[in-house]
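> Here you go, one structure.
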Amino acid sequence: MRMQISRIVLSGMMSLIGVATAFAGPPKVIIDTDFNTIFDDGQVAIMAAQLYAQGAIDILGFTVASGNEWRDQEVVECLRAVERMGIDHHVKVHIGAQYPLLHDNNSYNLEVLKFGQATQYVGAYSGPQPGPKDLVAPPDGFATHTRPAKENAVDFIIRMVHRYPHEVSILEVAPPTDLALAIRKDPTIIPLIKQIVTMAGQIYVPGNSFQGVAEFNWWFDPEATQVVLRANIPHIVVPLDCTNKVPLTQSVYDQIANSPRPTFVTKLFAETFASAIGSTLFDTVALGVLVHPEYATDTRELYVDMNTTFESGSNEHDYGKSIVYADGSLKYASALMLQKSKVVFAINNAAYYDFYVKLMTGPVPVRFHCAPHDFDDD
């Protein structure tokens, strides 16, 4: 009897060890991006590729939706980036949403008609949607052999979350259209997503899009943002309240631009940001918080929602602006819909800058420290 009990205990212990082993690898990450070559989303890809090569994270794939640019232009740039960084045989680019759920050109034009021309950033809406012949090559040319994945972004997110339940982190550095569509298409993924780490929103500070009311990522697709914020998923938000405190300093610029081991990345960075000292670092801060949660020095739990009402008869433009509730002011009816988010208001800048510089000055293409995974079938 004792031997039988011992075997049962041993079997149970081995099962637990098996579970622990399954979770022992590097964090699995889907990067949902409105891509650009050298600005914040492009820098996330550069840094994530270095982390992937080091075995610090496992990039399951990039999913691309319109935001900074129209989707097809972003896909062109993302394909070249994975090829340039040397991860093209291991990480695919999945095509996502061309348009927000409701905030299309017509509604943007109505905003302009009512409130005047944009005074701040509007991303893709600054120009017409490009046709195939209008796509612009990245500075080092189009990708030579890398093509988009056959599987679209929404189905890819759903498949990965089911394949790796409770293991997949979504690094949300784009308008969250793809993620909202995945949640709506298959709500069973909601309890299976490990966490969403997003750079977006403004809590107590002004915005940086259109008329300076809302933060760009959430303003571009407020309806998708509301779907995601209301889903019962652990959510870490890195808003403008945090990133406004993380500027590109002269010292950081110099360390990257004048790297003793220059690469295509450091040269392009030097050219692009020569006159941008003091500008804000955005999406890369969220990557830092995902990989190093200890960087966050001021984190508060808040109920965050999204204003999705565009009142044509109102002079107040709050469409796309974050709505924030403290516990005491939250109405009971709203409590049934909203989920608490962990909102990061400040980080350890010195630690983050060190992280940022090291990854931005890494080798191009990356040098793998361990064998990367092969493609998943799609």
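Coordinate-derived values only; no laboratory data. Keep in mind the model is a prediction, meaning the values are calculated, not measured. Please note: Cβ atoms are built from the backbone with ideal geometry, for glycine as well, and neighbour counts cover all protein chains shown.
> How far is it, in nm, from the label point at Lys114 to the one at Asp354 when both lie 7 Å from their Cα along the line to the Cβ?
4.9
> Beyond 29 Å between alpha-carbons counts as too far, so tell me which of Lys185/Lys342; Lys150/Lys321; Lys28/Lys340; Lys185/Lys340; Lys150/Lys245; Lys245/Lys321 fall in that bin.
Result: Lys150/Lys321; Lys150/Lys245 exceed 29 Å.
> A further question follows. How many nm is it between the label spots at Tyr325 and Gln129, if each spot is 7 Å from the Cα in line with the beta carbon?
In this crude label model, Tyr325 to Gln129 measures out at 3.5 nm.
> List the aspartates and glutamates whose alpha-carbon lies under 20 Å from that of Lys267, not counting same-chain residues fewer than 8 positions away?
Within the straight-line limit of under 20 Å, Lys267 reaches these aspartates and glutamates: Asp40, Asp41, Glu77, Glu83, Asp140, Asp254, Asp354.
> Here is a further query. Once you have the Cα-Cα distance between Ser275 and Gln250, take 0.36 nm times their residue separation minus that, and quote the gain in nm to one decimal.
So the chain would gain 8.0 nm between Ser275 and Gln250.
> Hey, can you rank 230-241, 356-367 by average C-beta count inside 10 Å, highest first? Walk me through the numbers before you get to the answer.
On the way: 230-241: 20.9, 356-367: 18.5.
My ranking of the peptides, most packed first, is 230-241, 356-367.
> Magnitude of the Cβ-charge dipole of the chain, K/R +1 and D/E -1, about the Cα centre, nearest 20 debye? It would help to have the intermediate numbers written out before the result.
Values: 27 positive and 41 negative charges, 220 e Å.
It comes to approximately 1060 debye.
> On to the next question. If amide H atoms are built 1.01 Å from N in the plane of the peptide, which residues on other chains or at least 5 residues away come under 5 Å of the amide H of Val324?
Amide H neighbours of Val324, under 5 Å, 5+ apart: Asp305.
> Got the relative contact order for the chain handy, in percent, Cα pairs under 8 Å and 6 or more residues apart?
Relative contact order, the chain: 20 percent.
> Give me the distance in nm between label points sitting 7 Å out from Cα along the Cα-to-Cβ direction at Tyr99 and Asn232, one decimal.
Result for the modelled spin labels: 3.4 nm.
> Something else: Using helices alone, I'd like the mean residue ellipticity at 222 nm for the chain: each DSSP H run of four-plus residues gives -39500 (n - 2.57), total over residue count, nearest 500.
Result for the chain: -11000 deg cm²/dmol, rounded to the nearest 500.
> 5 Å is the cut-off here: which amide hydrogens, built 1.01 Å from N in the peptide plane, fall below it relative to Asp58, excluding neighbours closer than 5 in sequence?
Lys28, Val29
> Fewest Cβ neighbours within 10 Å first, please rank His292, His103 accordingly. Walk me through the intermediate numbers first.
On the way: His292 15, His103 24.
In order of increasing Cβ crowding within 10 Å: His292, His103.
> Among Gly67, Val304, Leu287, which residue has its Cα furthest toward the positive end of the charge dipole of the range 26-360, with +1 on Lys/Arg Cβ and -1 on Asp/Glu Cβ?
Most positive-ward Cα: Leu287.
> Alpha carbon centre of the range 94-155 versus the range 233-289: separation in Å?
Each part's Cα centre sits 23 Å from the other's.
> ³J(HN,Hα) across the range 347-364 via Karplus (A = 6.51, B = -1.76, C = 1.60, θ = phi - 60°), whole Hz, x for Gly/Pro?
The phi angles translate into 10, 6, 4, 4, 5, 5, 4, 4, 4, 5, 5, 4, 6, 6, 10, x, x, 10 Hz.
> Using θ = phi - 60° and the Karplus relation 6.51 cos²θ - 1.76 cosθ + 1.60, list the HN-Hα couplings for the range 114-128 in order, rounded to whole Hz, with x at every Gly or Pro.
7, 10, x, 4, 4, 9, 9, 6, 10, x, 4, 6, 6, x, x
> Please identify every one of the GluC sites (Glu not before Pro) in the range 208-315 that sits in a loop by DSSP and has no more than 13 other beta carbons within 10 Å of its own beta carbon. Intermediate results must be reported in sequence, preceding the final value.
Working: sites: Glu215, Glu223, Glu271, Glu294, Glu301, Glu311; in loops: Glu215, Glu311.
Counting only loop positions with at most 13 other Cβ atoms within 10 Å, the GluC sites (Glu not before Pro) in the range 208-315 are Glu311.
> Calculate log10 I(q)/I(0) of the chain for q = 0.10 Å⁻¹, where I(q) comes from the Debye formula with a single equal point scatterer on each Cα and nothing for solvent.
Rounded to two decimals, the profile gives -0.63.
> What is the set of long-range amide H partners of Ser341 at a cut-off below 5 Å, with H atoms built 1.01 Å from backbone N?
Leu302, Tyr303, Val304
> What list do you get for Phe269, Phe282 if you sort them by fewest beta carbons within 10 Å? Please report the intermediate quantities before stating the final value.
On the way: Phe269 22, Phe282 25.
In order of increasing Cβ crowding within 10 Å: Phe269, Phe282.
> Check each of the trypsin sites (Lys or Arg not before Pro) in the range 101-150 and keep only those in coil by DSSP with at most 12 other C-beta atoms within 10 angstrom; list them in order.
Lys150
> Apply the Karplus parameterisation 6.51 cos²θ - 1.76 cosθ + 1.60, with θ equal to phi minus 60°, to every residue of the range 144-155 and state each ³J(HN,Hα) to the nearest whole Hz, in sequence, with x for glycine and proline.
Karplus values, whole Hz, x for Gly and Pro: 8, 9, 7, 10, x, 5, 5, 7, 6, 4, 5, 5.
> Which of these, Ser209, Ser66, Ser322, has the largest mean-square fluctuation under a Gaussian network model of the chain (Cα springs below 10 Å)?
Taking springs between Cα atoms under 10 Å, the residue moving most is Ser209.
> Now a separate question. Within the set of other residues whose C-beta is less than 13 Å from the C-beta of Ala274, count the net charge using Lys and Arg as +1 and Asp and Glu as -1.
-1
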